[in-house]
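Only one structure is covered here, and it is reproduced in the block below.
The values are calculated or read from the model by the stated rules, or taken from the named source; none is laboratory data. Treat the numbers as computed from the prediction; the structure is a model and nothing was measured. Neighbour counts run over all protein chains shown; Cβ positions are idealised from the backbone, glycine included.
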Amino acid sequence: MTSAERRVAREWKTIQAMFRLHCRDLHGGKEALCAGCEELRLYAERRLEKCPFAEEKPTCVKCPVHCYEAAMRERVRQVMRYAGPRMLLRHPILALLHLREERRPLSERAQKVAERLQRQG
């Protein structure tokens, strides 16, 4: 597995941990995610699988392409807002690696897409 593939796998592991943390604390999902959180998790999984940047993928907050529908993006944002700070206590390594990824510069490909999108609108 390449380092880029490991990075994407780690990002997926991080978002899953955030979903579990959010659902367990707010919805009482002890063993499994509630139906709403599972739906959101599946949606996020499909979006990650279809990411146009693949292994060059930036963290979603830095991504020039917003591939989530507005309502789903807001739901994921709420999960991250709740779970993000708590990740430092419950999953410190994943949290720190995610914070490090946010500091990485955009790939050339992502920068070109961002520039093109800025010119268009």
| message | I'd like the residue in the stretch 14-33 that is touching a helix residue (DSSP H, G or I) at 6+ places or on another chain (Cβ under 7 Å) and loosely packed, with under 14 Cβ neighbours inside 10 Å and, out of all such residues, is farthest from Leu106 (Cα to Cα). | response | Lys30
| query | Which residues, counting only those in the stretch 1-35, are assigned to a loop (DSSP other than H, G, I, E, B) and either among the charged types (D, E, K, R) or closer than 16 Å to Gln78 by Cα (or both)? | reply | Lys30, Glu31, Leu33, Cys34
| message | For the condition over 14 Å from the mean Cα position of the chain (by Cα), surrounded by fewer than 17 Cβ atoms within 10 Å (Cβ to Cβ) and either assigned to a helix (DSSP H, G or I) or at positive phi (or both), what is the one hit in Glu45, Glu38, Glu74? | response | Glu38
| message | What are the pairs with Cβ atoms under 7 angstrom where one residue, in the stretch 61-77, is closer than 24 Å to Gln111 by Cα and among the β-branched types (Val, Ile, Thr) and the other, located anywhere, is surrounded by fewer than 15 Cβ atoms within 10 Å (Cβ to Cβ) and modelled with pLDDT under 90? Sequence gap at least six, or different chains. | response | Val61/Glu102; Val65/Pro52
